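Rule-based calculations on the coordinates, nothing more; no lab input. Computed from a predicted structure; not experimentally measured. Neighbour counts run over all protein chains shown; Cβ positions are idealised from the backbone, glycine included.
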Amino acid sequence: MAEGLDFKNPVGTTLDRFIMENQSDFPFATGELSQLLRDIAFAAKIVNKEINRAGLSDIVGAMGNKNVQGEDQQRLDVIADFRFTQALTQGGEVCALVSEEVDDIIYTGQNEAKYVVAMDPLDGSSNIDVNVAIGTIFSIYRRKSALGEKPTMEDVLQKGTEQIAAGYILYGSSTMLVYTTGFGVNGFTYEPSLGEFFLSHPNMKTPETGRLYSINEGNYDDFEDQLKAYIQLCRDRKYSGRYIGSLVADFHRNMMKGGMYVYPATKGSPKGKLRLIYECNALGFIIEQAGGLATDGKSRILEIQPTELHQRVPYYVGSKKMVEESMGL
Ligand code: AHM
Ligand code: MG
């Protein structure tokens with residue numbers, strides 16, 4: 001063996017191995033959740049591939065709106081919705097799905113399955129067509145209704161505290177899958193030539209405070225006085241304003257470096273813009289597991305009882321001290 005080189009663990013831990021090795025965290029685990037997470041990762045690889053060739057598909061699409069397989073060109077968010085729905089329906093572990101792309105509950109027909117998934121298959125709509133980082137967000141719940149029956153509204157309208165797993169995929173300069181099952185947050189980076197996610201960011205923690213603030217300052221005049229005062233404080237302290245307009249990318253950067261993302265109520269979106277059950281709760285679970293905080297500006301996001309599938313909430317998420325300070329605490 002070449003001196004100084006460690007070949008014992010040459011490529012690190014794959015996502016599949018990690019999921020398998022950590023399955024015993026769950027009492028009575030029978031492997032369905034592990035399979036469900038693998039189904040999500042599988043769909044993520046396909047979506048990642050579609051995203052990477054998006055520019056090329058457009059060129060082909062321009063010649064009569066057909067791609068190389070002769071299929072009609074479709075928007076990436078529609079493609080992502082189709083890929084994830086297909087993977088989770090065929091995977092057999094999910095009885096019902098909620099997707100940002102679909103108004104009603106999607107019944108998979110797998111009434112024996114234990115789990116419910118809420119997701120935004122491709123978030124950052126304004127960035128999808130312009131080669132800027134975008135993401136997928138997902139949240140997993142155990143159903144409340146009896147196995148074998150058709151799932152109900154109660155199954156999908158659960159508080160964030162009931163999540164058993166949540167995660168996101170960031171399609172950025174590299175593709176990452178980050179998830180939690182309530183035992184810390186772990187990040188995996190995709191290696192395209194091997195087609196595998198590898199553990200690259202074990203046990204992720206966010207700094208207690210930070211110097212980045214992410215908000216659409218174009219809406220400043222609409223903000224409540226308290227938030228205006230906090231933004232002014234960030235400016236006085238020479239914090240950096242960083243806003244991609246892709247929630248997953250802004251969230252991920254802030255979690256890594258220390259910072260806060262806010263989408264408050266505005267005149268145009270009086271209840272905020274982001275969706276409680278598949279955007280705010282998922283990232284709220286992750287940030288809490290990483291040591292941060294997620295609120296609606298007044299109280300903890302994970303404790304809000306959802307009443308509608310596509311409910312919007314104001315959203316404050318990131319480093320604990322910054323979120324507290326912005327709320328006047
Ligand atoms: P989308 O689900 O339609 O993509 O909207 C969510 C996105 C977030 O990713 C992003 O942070 C925010 O909307 C940007 O909104 P705005 O352009 O109003 O600042
Ligand atoms: Mg979205």
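Dipole of the chain computed with +1 at Lys/Arg Cβ and -1 at Asp/Glu Cβ about the Cα centre; of LEU233, VAL78, VAL117, farthest Cα towards the positive end is LEU233.
Sorting 278-287, 262-271 by their mean Cβ neighbour count within 10 Å, with the most densely packed peptide first, gives 278-287, 262-271. Estimated purely from DSSP H runs of n ≥ 4, each contributing -39500 (n - 2.57), the mean residue ellipticity at 222 nm for the chain is -9000 deg cm²/dmol once divided by its residues. Distance distribution P(r), the range 212-326, all Cα-Cα pairs, bin width 10 angstrom from 0: 15, 51, 31, 3 percent.
For the chain, the calculated P(r) over all alpha carbon pairs, in 20 Å bins from 0 to the bin holding the longest distance, is 31, 57, 12, 0 percent. The translational diffusion coefficient of the range 15-201, from Stokes-Einstein at 20 °C and 1.002 mPa s with a Kirkwood hydrodynamic radius over alpha carbon pairs, comes to 124 µm²/s. Could you sort out which of LYS45/LYS257; LYS273/LYS321; LYS49/LYS271; LYS159/LYS205; LYS267/LYS321; LYS144/LYS205 sit more than 29 Å apart by Cα distance in this structure? Table pairs above 29 Å Cα-Cα are LYS49/LYS271; LYS144/LYS205.
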